[in-house]
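Beneath this line is the structure, given in structure tokens, with notes to follow.
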Amino acid sequence: MLAFARTSKPLLGLIAALGMILGAALSATAAPARVVSLNVCTDQLAMLLAAPGQLISVSFLGQDARSSAMAEQAQAYPANHGLAEEVFLLQPDLVLAGTYTSRAAVSMLRRLGVEVVEFAPENGLNDVRVNLRAMGRVLGHPDRADALIAQFDADLAALTLPPKTRPRAALYGPNGYTTGAQTLAGEILTAAGFSNIATEAGLPAGGTLPLEQLVMLQPDLIITGTRYPGSSRAEALLDHPALRKLAAMPRVRATGGAWVCGTPHVLRAIDGLVALRHDMEAGQ
């Protein structure tokens, strides 16, 4: 038995080494070679993590700076409009979608034998880490995801120092919709050192805030959404004289692509708000 034990240890070591090599080889071959993204948020996650040539198409919204923080980078990829027919002709071995991506397109692609992985919208800063890690797995680059998450955590910690004061802010959009603290935009606001008046209004996850109530709450800052060309009755409320008088125009800011998706680019939104808060504090 002792002799067997002496000879079995090297053999076991060899088997373990061969297993590691085989596992690495299988992992490498499992990485998808042709990836198509149908969602503005998966566009950005994939662009951050994909190997050169691995991502072959992004959504048309990914090339729009109003909705994407990586619109310029997205110009390097052919755009798709999320139609099953056009995506299938690209011969992808993996399609990335959001849980709100057209159900007809997702279902059709799956019936055609195309693998589709869906990502839920981010509802907070922790979901940035969750979806980066998930995207790293499906693309076969978990190490890249881990590195991005570590950098994100370090940069976030540097930005979120305890504020001297917490000015009261309102995230206010078309039809008077406000975004609460229990959302990605709400956590961006909190991380930048502001308090969210939606909490005072009893809307932790967001909801409709009548203009009259907004005026009575008297926020120090109103943050509105990016305006699109044309006119909309839903956006007409944002031009109401009461809203213009409530906060001086230099203190009314529009959100942009950095606010839309849970990627490390939310740090840009936080950084901009921190700088604004410092200006507000200096002016008091």
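The values are calculated or read from the model by the stated rules, or taken from the named source; none is laboratory data. Since the model is a prediction, treat every value here as computed from it, not as a measurement. Cβ coordinates were reconstructed from backbone atoms using ideal geometry, including for glycine residues, and neighbour counts include every protein chain displayed.
Specify which of the listed residues (PHE119, PHE152) is aromatic (Phe, Trp, Tyr), touching a helix residue (DSSP H, G or I) at 6+ places or on another chain (Cβ under 7 Å) and assigned by TED's automatic domain parsing to the domain that holds ALA46.
PHE119
I need the full set of residues from the stretch 165-192 which are of a type in the set (Gly, Ala, Ser) and over 20 Å from the mean Cα position of the chain (by Cα), in order please.
Applying the first criterion (of a type in the set (Gly, Ala, Ser)) to the stretch 165-192 yields 169-170, 173, 176, 180-181, 185-186, 191-192.
If the condition is that a residue be of a type in the set (Gly, Ala, Ser) and over 20 Å from the mean Cα position of the chain (by Cα), then ALA169, ALA170, GLY176 are the ones that fit.
Report yes if some residue within the stretch 137-160 is of a type in the set (Ser, Thr, Tyr), over 13 Å from the mean Cα position of the chain (by Cα), at pLDDT below 95 and under 30 Å from ALA192 (Cα atoms); otherwise report no.
yes
Can we say ALA79 is out of contact with any Ser or Thr (no Cβ under 8 Å at 6 or more places or on another chain) and surrounded by fewer than 21 Cβ atoms within 10 Å (Cβ to Cβ)?
no
Can you find, within the stretch 87-123, the residue that is surrounded by the most Cβ atoms within 10 Å (Cβ to Cβ) among those that are modelled with pLDDT of 95 or more and among the aromatic types (Phe, Trp, Tyr)?
Within the stretch 87-123, the match that is surrounded by the most Cβ atoms within 10 Å (Cβ to Cβ) is PHE119.
Which numbered condition trips up ALA154, out of (1) without any contact (Cβ under 8 Å) to a residue 12 or more places away in the chain; (2) hydrophobic (A, V, I, L, M, F, W, C); (3) under 23 Å from GLY283 (Cα atoms)?
(3)
Quick check on my filter: what residues within the stretch 212-233 are part of a loop (DSSP other than H, G, I, E, B) and either among the charged types (D, E, K, R) or in contact with a His (Cβ under 8 Å, 6 or more places away or on another chain) (or both)?
ASP220, ARG227
For every residue, the table says whether it meets (1) aliphatic (A, V, I, L, M); (2) in contact with a Leu (Cβ under 8 Å, 6 or more places away or on another chain); (3) touching a residue at least 12 places away in the same chain (Cβ under 8 Å).
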residue	(1), (2), (3)
THR178	no, yes, yes
GLU187	no, yes, yes
ALA201	yes, yes, yes
ARG233	no, no, no
LEU243	yes, yes, yes
VAL252	yes, yes, yes
ALA269	yes, no, yes
LEU276	yes, yes, yes
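Residues in the stretch 82-106 that are of a type in the set (A, V, I, L, M) and outside any helix (DSSP H, G or I): how many?
6
So which residues in the stretch 41-81 are of a type in the set (Gly, Ala, Ser) and either in contact with a strand residue (DSSP E or B) (Cβ under 6 Å, 6 or more places away or on another chain) or assigned to a strand (DSSP E or B) (or both), if there are any at all?
If the condition is that a residue be of a type in the set (Gly, Ala, Ser) and either in contact with a strand residue (DSSP E or B) (Cβ under 6 Å, 6 or more places away or on another chain) or assigned to a strand (DSSP E or B) (or both), then ALA46, SER57, SER59, ALA74, ALA79 are the ones that fit.
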